[in-house]
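The values are calculated or read from the model by the stated rules, or taken from the named source; none is laboratory data. The model shown is predicted, which means the values in this text are computed figures rather than measured ones. Note: ideal-geometry Cβ built from the backbone for every residue, glycine included; neighbour counts use all protein chains shown. Surface accessibility is based on the protein's heavy atoms, side chains included, excluding ligands, DNA and RNA. Shrake-Rupley method; radii C 1.70, N 1.55, O 1.52, S 1.80 Å.
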Amino acid sequence: MKQAVEDERLIKQYLLGELADEQQTEIQDRFLTDPEFFNLLLLLENELTDEYLIGGLSESELERFNSYFLRAPERQQKLKFAKALNKYVSETATEPSQRVLAQSVGLVKWWRSLRDIIRSQNRLLVFSLATASLVLAAAGAALVVYRAGMKYEVAQVRDENAAQPAPLGGQELGPSTVPQSQTNQDSAKLKNQARPATSPALKSQKTGASQHEHKGEQEQTRAVLIKPHPSSPTTVETKSTPPNPPSGDVKDRLRTRSRRAEVGAQYAPPGRPRLAEGRPFQSLTLTAGTARDVTATRTVELASATEQLLLRLMLESGDYPTYHAEIRTAEGKVISSETDLRPRQTPSGKGVVLSVPAKLLVIDNYIVTLRGLSKDGDYERTGTYHFSVIKK
Amino acid sequence: MDTVPSAKREWVLTADALDQLLSWLDADKHIAGEKYEEIRRTLIKIFVCRGCTTAEDLADETINRVIRKVPDIARTYVGNPALYFSGVAKYVLLEHEKKRPDLSLSISEPPTRIDDEAEDIEREYECLDQCMAHLTPKNRDLILYYYQEEKLAKIENRKRLAERLGLKLNALRVRADRIRANLEECVGKCLTHASSRM
């Protein structure tokens, strides 16, 4: 354990270029002779990048990270990937996927155990069944509590709105949200679960004039001599088909965003059911961003039975006692606006919640502008939020 | 711009020379091929870690130099051949750094700014979205849950996840990193594919 901690410390120093030459040589020797140690390097390289992104590095580490670690283009690419992953996770899974995990892991294991007990007529059968009943009862109770909570939230929003001055434009507005729909899961797998070798069996040689001349010959020579072992993780290429590149087509983009929203629907908090036909509301959490920032745009697929869309606008900075929100179409037509919105703590952080009647929303792109009321009585823009609506 | 140290101009890689290298790495040709790939992959990473922008070229130059030496050392060399690569790589790196003193290991020059890359991130995100769809539901759940939250909350989150999956925290860490590596590779291919169509 102590050795593992020491190894990690050493590798981190190596990654930041903090080791003396001699130590660097020693550690490089270990990378070449100890695959586990090398894998630890790959893992820590990613973790260091993540630490950077969440501001977890010390001042000196940050300096080394910027000036040394990021020098190689591969590292800059790695950082871009980490940023994208970070955004994806925060958008798609802002709430824990405990339900999904429970289904995929806990319940499956539980069911298998129960089945085995029944088959073997084990004495524990009665006890197991009793436990199962308790689990089911607890889950049912959690569901009831959750539904009551959501109803309370909606009622609270409506009460707040009723107590406020009539909305500009005469339309009802209020709080909150998160898209929820059945996920179409792509069954394709990345077939190679082990970390695959990134290099082809034998790379072209690009060194020196003479080698350039003989490049083709060298490649041919190597290709003939080194044939991949059927089971070799280092020579077998990942079988996953490269996905199609992103298309600039608007429909494609909408589809992509829709799929993203569907994936997000999997990550409802414990006990929270997915939106089903017949439920009166859907919700969507929005973070502020620019129109160019596609990652900040969310898509909600409104079910026909939905009556209210709850928009939860996350606050990035500034703390005003009340806010004014205005929803416009991409063409600039005001759909709704609301004043005197008070910030509240949500599971994803501090935000302002509004409720939009679903009937006001057609298939379109929408922009929400949020302004905070300053002490001088002026409204100051605090964020712009983007979302798209599609309908089932 | 990085440059690769010049090699002996008269030298040409031949089938025999490569065969000798493989035989030196292992008597079994398949295992030798695996070892070769592993060494090359590690060398590339080492050069990346040392701030080289032409890491693959430097790794290949290192291998070429070892191949040239194999006829002289194979019979008498004692120990893990991989260590010999390490020694040669050290010299290749030294030569490389002499040729680009402005990019030596000093920390005087910050790297290229990466802030102005909104479009890159957008493309990356789109590819990631597609690659996520290629993961099994179980792996997708794991990766999304594993990277949720921040700092202390993240640590607690991972402990809970490990418990639920019946894994030790470190095993979960390794598993998540493997899925991430697959995703990263998939995104890389997607980006290459996308740029080739632009």
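Nearest 0.05, what FRET efficiency do A:L62 and B:S196 give at R0 = 35 Å with Cβ-Cβ as r?
0.45
Using a Förster distance of 51 angstrom, determine the FRET efficiency expected from the C-beta separation of B:K98 and B:K168, and round it to 0.05.
The computed FRET efficiency comes out at 0.65.
Note the full-extension length gain between B:K29 and B:Y91 as 0.36 nm times their separation in residues minus their Cα-Cα distance, in nm to one decimal.
Contour length minus the Cα-Cα distance gives 19.5 nm.
Using a 1.4 angstrom probe on the protein heavy atoms only, line up B:D28, B:D72 by accessible area, largest first.
B:D72, B:D28
Sequence-distant or interchain residues sharing an amide H contact under 5 Å with A:S283, placed H: which?
It is A:V178, A:Q180, A:L310, by chain and number.
Given H placed 1.01 Å from N in the peptide plane, which residues other than close sequence neighbours of A:S388 have an amide H under 5 Å from its amide H?
A:R298, A:T299, A:V300, A:Y366
Can you list residues whose amide H is under 5 Å from B:D26's amide H, if they're 5+ apart or on another chain and H is modeled 1.01 Å from N?
none
What are the ³J(HN,Hα) values, in whole Hz, obtained from phi via the Karplus relation 6.51 cos²θ - 1.76 cosθ + 1.60 with θ = phi - 60°, for each residue of segment B:161-173 in sequence order, with x given for Gly and Pro?
Each residue's phi maps through the Karplus curve to give 5, 4, 4, 5, 8, x, 10, 6, 4, 5, 5, 5, 4 Hz.
Provide A:S374, B:S23 ordered by accessible surface of protein heavy atoms (probe 1.4 Å), highest first.
The ranking, largest first, comes out as B:S23, A:S374.
Which distance in nm do the two modelled labels at A:A330 and A:R381 give, with both placed 7 Å along the Cα-to-Cβ direction?
Result for the modelled spin labels: 1.9 nm.
Given the Cα-Cα distance of A:A20 and A:A141 and 0.36 nm per residue of separation, how much length would full extension add, in nm?
Gain in length upon complete extension: 37.5 nm.
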